[in-house]
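Participant: Sharing a structure below in C-alpha cells format, with a few things to ask.
Just so it is clear, none of the values below were taken in a lab; they were calculated from the coordinates. Keep in mind that this is a model prediction, so the values were computed, not measured. Every residue, glycine as well, gets a Cβ built from its backbone with ideal geometry; the counts of neighbours run over all protein chains shown.
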Amino acid sequence: MRCLTIQIPSEFIADFDRTEFLFRVRALGRSPEIDAVNEGGKCYLSFHFFTEMPVKLWNDLRQFIYDDPDYGPIISACSIAVCDTETEADEYLLLHHFDPTEPRDSLR
C-alpha cells in the first residue's frame, strides 16, 4: 500500500477552502485521511490517500484537480503533493510543489 499526500503548508491554511477540496476529491470516489501537524512552529494540513495504484490515483488527481481550469490554479498555488516510495527508508517522490522552481519527480 502506498500513500499519496497533498499537503497545505501553514502560510496557505488560512485561505484554503477545505470544503471545496474535499468535495472535489470525494467526487473522484476518494476520502482521504486528514491530519494537521505542527512541526517547528509551523502547521501543515495533510490529506493522505492510500492506494495500491498510485500512478492511477495521481493521474486522476492531476486531471480532475490540478488540471481543472477553474480549481487547478487555486490548488496548484498552495499545495505540495508527495508519494512515499516502496523502500523502508522515509523517502518520497515530490509530484507537485507550489513553487514551480522546485524539481519534481515522476511517478511510474
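Participant: If Lys and Arg each add +1 and Asp and Glu each add -1, what is the summed charge of the other residues whose beta carbon sits under 15 Å from the beta carbon of ARG26?
Facilitator: Result for the local shell: -2.
Participant: Over the Cα atoms of the chain, what Rg and Dmax result, in angstrom?
Facilitator: Just the Cα atoms of the chain yield Rg and Dmax of 13.2, 38 Å.
Participant: Need the C-alpha centroid separation for region 25-54 versus region 61-104, integer Å.
Facilitator: Measuring centre to centre over Cα atoms gives 12 Å.
Participant: Using Cβ counts within 10 Å as a stand-in for footprinting exposure, how do THR87, THR51 rank, fewest first?
Facilitator: THR87, THR51
Participant: Still on this model: Would you mind working out the magnitude of the charge dipole of the chain relative to its Cα centre, with +1 at each Lys and Arg C-beta and -1 at each Asp and Glu C-beta, to the nearest 20 Debye?
Facilitator: 340
Participant: Among 33-39, 22-28, how do they line up from the highest to the lowest mean number of other beta-carbon atoms within 10 Å?
Facilitator: 22-28, 33-39
Participant: Just from its helices, what would the mean residue ellipticity at 222 nm be for the chain, if runs of 4 or more DSSP H residues each count -39500 (n - 2.57) and the sum is divided by every residue, rounded to the nearest 500 deg cm²/dmol?
Facilitator: Computed ellipticity for the chain at 222 nm equals -6000 deg cm²/dmol.
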